[in-house]
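Coordinate-derived values only; no laboratory data. No experiment lies behind these values; they were computed from the predicted model shown. Cβ: placed from backbone, ideal geometry, glycine included. Neighbour counts: every protein chain shown.
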Amino acid sequence: MMVANPYAFFAAVLLPISLSAQTITAKLLVNPVHIEERIPLSIGGSVEVGVSQRSSLQLSGLYRFDKQLSQGIDQGPKYYLDYRYYLRQLQQKNSGLYLSPYIGYGLLKLAEGDEPTGLVESEQMVETLTGVLIGYQPYKLARFSIDAYAGPEYQWRTKTTNYALGGNTQLALNRLWFRAGVSLSFRLKK
């Protein structure tokens, strides 16, 4: 399944909601930890838009760098749309413990693999993602917070290999995975 323009889809979903938003929070995500292909280096950001006292939508985008020894760098964007429901509201709206089902889309340009040099022209991985997170976002200070979350993620992945002599192959590599992270949050609208 190919998504023509994920930016347009996410903008169409979030723009009408943000105009009547209860809260708007900007977040920065930096993952400096790298463990082979399991955890790539990444940097990104997100915007959480409150739609009620205890629920919100969050759009996230990040860019991954997966350094493989002697094989170059696998890299590409990943996007998520999360719905968050806060189980117990703290003093501020949209804060505290939450459950968050989500959907996502990723595109990863793969570096040279184990194929002989010159045989493979390019390889890419397209990912469609879904799962649920449990997280905690307290607001101890007026506008700053740390958002921590974790949960299972199912990935429908298709690896496409284009050969220099013509033709291509596609391979389905679906898997159950794990999504987790910590982001620094700044509330633009309380």
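Distance in nm between label sites at LEU97 and SER55, each 7 Å beyond Cα in the beta-carbon direction?
2.0
Please work out whether the stretch 40-190 counts as rounded, prolate or oblate from its C-alpha gyration tensor, where a ≥ b ≥ c are the square roots of the eigenvalues and a/c under 1.5 means rounded, while otherwise a/b larger than b/c means prolate and anything else oblate?
prolate
What full-extension length gain, to one decimal in nm, is calculated for LEU171 and LYS190 as 0.36 nm per residue of separation minus the Cα-Cα distance?
2.2 nm
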